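Take a look at the structure below.
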Amino acid sequence: MLTSDKNGTLLTVIENKIATVQFGHPASNSFPRVLLDRLTNELTYLSDNEEVSVIILKSEGTSTFCAGASFDELLAVSTLDEGTRFFSGFANLINAMRSCKKIIIGRIQGKAVGGGVGIIAACDYALANLESSIKLSELAIGIGPFVIEPAVSRKIGKTAMSEMTLAAHEWKTASWALQKGLYSKVLETKEELDLEVDVFSKKLADYNPEALAEMKRIFWEGTAHWDKLLKERASISGRLVLSDFTKNALIK
């Protein structure tokens with residue numbers, strides 16, 4: 001299935017019990033709210049699709065995995081309700097990934113910023129290459145990684161999370177992300193990355209799907225309160241994005 005328009009593209013291909021979901025947007029694979037909703041709905045659908053045992057999540061292009069939230073839409077936010085609604089898109093996506101019954105493998109082929117890091121953290125297993133540096137730049141534009149924090153902290157811990165958040169101007173290398181637990185494995189080239197994704201996903205697809213679903217549930221034990229928590233966090237970001245500081249920072 002392919003959906004494509006000015007808000008980006010979303011393509012799903014199902015083969016041999018593996019669903020490959022690819023998202024894309026001309027602005028460095030950033031997410032307008034419409035594309036966030038499409039991806040959320042697709043993962044929710046695949047969760048109950050008996051033809052699927054494993055999901056591969058990837059993005060278009062070669063240099064950037066995901067640049068996070070759409071700056072154009074952030075600039076357009078004019079009310080608290082609009083801001084909260086926009087950031088709730090990331091909350092809904094992370095919760096859909098968390099509650100999805102299928103194991104989600106992230107194929108990370110390039111840099112990730114902000115919400116993109118949150119998406120990686122919400123994957124059950126993330127494979128990357130050496131070019132897949134990460135950054136949480138939210139404080140530099142007057143907001144913070146409030147919505148994605150629970151997912152990122154769950155993977156790398158509060159200490160590494162605070163280091164990334166406060167050093168909002170710094171890129172962390174793929175090797176750093178591997179050491180902290182965000183990535184499961186880092187390959188040197190994109191070709192090696194794609195081979196590893198292919199081999200690993202096929203192995204998982206041969207396992208008992210009921211066992212995979214039960215393991216997924218266990219992996220995410222203790223996160224049921226995220227349905228409420230992430231929406232509360234979205235309201236914080238929704239308020240801060242209205243500040244003059246953030247508006248000026250986005251224009252620069």
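Eigenvalues of the Cα gyration tensor times 5, then square-rooted: what semi-axes does that give for the stretch 123-252, in whole angstrom, largest first?
Working: eigenvalues 191, 89, 29 Å².
In descending order, the three semi-axes are 31, 21, 12 Å.
Adding -39500 (n - 2.57) for every DSSP H run of four residues or longer, then dividing by how many residues the chain holds, sets the calculated 222 nm ellipticity at -15500 deg cm²/dmol. Simple spin-label estimate for Lys203 and Thr79 gives 5.2 nm between the two label positions (7 Å along the Cα-to-Cβ direction from each Cα).
Please give the charge dipole size of the stretch 1-69, origin at the Cα centre, charges +1 on K and R Cβ atoms and -1 on D and E Cβ atoms. Round to the nearest 20 debye.
Details: 5 positive and 8 negative charges, 59 e Å.
With Lys and Arg at +1 and Asp and Glu at -1, about 280 debye.
Which order do the peptides 220-231, 63-74 come out in when sorted by mean C-beta neighbours inside 10 angstrom, highest first?
Values: 220-231: 14.2, 63-74: 21.1.
For the peptides 220-231, 63-74, the packing ranking is 63-74, 220-231.
Here the Karplus relation 6.51 cos²θ - 1.76 cosθ + 1.60, evaluated at θ = phi - 60°, turns the backbone of the stretch 104-117 into coupling constants of 10, 9, x, 9, 9, 9, x, 5, 9, 10, x, x, x, 5 Hz, with x for every Gly and Pro.
Spin-label model, Lys247 to Ala211: label points 7 Å out along the Cα-to-beta-carbon direction sit 5.8 nm apart. Taking other C-beta atoms within 10 angstrom as a stand-in for reagent exposure, Met97, Met215, Met161 fall in the order Met215, Met161, Met97, fewest first. With a simple spin-label model that places each label point 7 Å from the Cα along the Cα-to-Cβ direction, the separation between Asn41 and Phe71 comes to 2.9 nm. Equivalent-ellipsoid semi-axes for the stretch 2-251 (Cα gyration tensor, √(5λ), whole Å, largest first): 27, 19, 18.
About the Cα centre of the chain, how large is the charge dipole given +1 on each Lys and Arg Cβ and -1 on each Asp and Glu Cβ? Please answer in debye to the nearest 20.
Numbers: 29 positive and 31 negative charges, 119 e Å.
For this selection, approximately 580 debye.
Beyond 19 Å in Cα-Cα separation lie the following of the pairs Lys6/Lys247; Lys101/Lys135; Lys135/Lys155; Lys101/Lys203; Lys101/Lys202: Lys6/Lys247; Lys101/Lys135.
Each reported figure results from applying straightforward, stated rules to the coordinates on display, with no laboratory input. As the structure is a prediction and not an experimental result, all values here were calculated from the model. Glycine also receives a Cβ, built like all others from the backbone with ideal geometry; neighbour counts cover every protein chain displayed.
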